[in-house]
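Throughout, read-outs are computed from the coordinates displayed, never taken from laboratory work. Only a predicted model underlies this, so the values are computations on that prediction, with no experimental measurement involved. With ideal geometry, Cβ positions are generated from the backbone for all residues, glycine too; neighbour counts draw on all protein chains shown.
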Amino acid sequence: MATNSYRVFLDSNVIISGMLSDKGAPRIILDLLSLHLPGIIGLTGEYNLIEVERNLTRKLPKALPVYLEYVPRLSLTVIPLPTAEEIAEYVGAINNKDLPVLLSAIKGCADFLVTGDNKDFSLINDSNLYSFTVISPTEFLEKIGKIISATTQSTLID
């Protein structure tokens, strides 16, 4: 039986939250990605990594070395910064500050955009224009748990 792969794009706030707390959904997602399980491909944008590093440098400089050591363990596929021309095509689709995140998720062919910022991304799910679902970390864990459970049961039956 072929296993589906799910491409999971992590917003900056998920990476930061997961790094700073040893509990909660963001941390569990990072832990899952660090296990390199088949069927879950972690993505983020170059824009997001710049944002994470900027925020840590400004607010929590002592956490930056831990971040720099930990992030490579996730083996995230990093989507390059979108061009100004690409961004211009999507102006009005979402708050301008979030356009690089939206475009990175699109370019990364994400199935899920996991963010703690559902308020700013809520219009995305309503539009049905994008191939991914915007989802909170907790919702993602619920969904991926069901997918893993169904796959495991199907494999046991086969």
#### Entry: Normalised convex hull volume, the range 1-155, alpha-carbon set, Å³ per residue
118
### Query
Straight-line reach from Lys59: which lysines have Cα under 28 Å away, leaving out those fewer than 8 places along the same chain?
Lys23, Lys97, Lys119
### Message
Given the DSSP H assignment, sum -39500 (n - 2.57) over each helix run of at least 4 residues in the chain and divide by its residue total; what's the result at 222 nm in deg cm²/dmol, nearest 500?
### Response
-16500 deg cm²/dmol
### Phi-based couplings in Hz for the range 12-28 (Karplus 6.51, -1.76, 1.60; Gly and Pro marked x)
3, 5, 6, 5, 5, 4, x, 6, 8, 10, 8, 10, x, 4, x, 5, 5
#### Entry: Electrostatic dipole magnitude of the range 6-157 [Cβ: Lys, Arg +1; Asp, Glu -1; Cα centre; debye, to 20]
460
### Task
Considering the options Leu103, Val66, Thr133, tell which one lies farthest towards the positive end of the dipole of the chain, charges being +1 on Lys and Arg and -1 on Asp and Glu at the Cβ, about the Cα centre.
Val66
### Query
What list of ³J(HN,Hα) couplings, whole Hz, do you get for the range 117-122 from phi and the Karplus terms 6.51, -1.76, 1.60, once you set θ to phi - 60° and write x for glycine and proline?
10, 4, 4, 6, 9, 4
